[in-house]
Amino acid sequence: MNNQANWHWAISNLGPDGLFLWLEPWADEIEVPSKSTATFRIVNAQSPRDKLDVEDTGDQIIIWASGGDCIEVDVDGIRQVTGSATIPVPEEMGISTKELLGVLFSNQPTARLAGQSLSVQAPSIWQRIRRYLSF
């Protein structure tokens, strides 16, 4: 494993409220409490890291991994249990993870792409009864 590219970086939450991190494509959500630091170790056995796609939405930070990446996250030195630590991102077929997930899930209301909340209303009780009774 001498050819693996390892990359480290950290985010400190200096604000009074918790900060949410969203790791894509794993849909892992991690809370970084106030006055805490999240440290990331990105391992990519396929290629060296040139840049990382990070998006600030105001209430959370989204980290878009690249093909081959695994990301281990520690909050205040405590390893977080995430899929991102053990499941490498598949190759993206020539486009970024963000673009690929947009193509796959942007029209799927139950997919929480980049941590977006669901905007689909649940069926009313009357709609559920009608469906159950088949009329």
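Odds and ends about this structure:
- Computed accessible area, Glu72, all protein chains, 1.4 angstrom probe, square angstrom: 40
- Counted charge near Pro16, where neighbours are those whose Cβ lies closer than 15 Å (Asp, Glu -1; Lys, Arg +1): -2
The values are calculated or read from the model by the stated rules, or taken from the named source; none is laboratory data. Keep in mind that what you see is a predicted model, and the values were worked out from it rather than measured. Glycine gets a Cβ as well: all are built from the backbone with ideal geometry, and neighbour counts include every protein chain shown. Please note that ligands, DNA and RNA were not included when accessible areas were found on the heavy atoms of the full protein model with its side chains. Shrake-Rupley method; radii C 1.70, N 1.55, O 1.52, S 1.80 Å.
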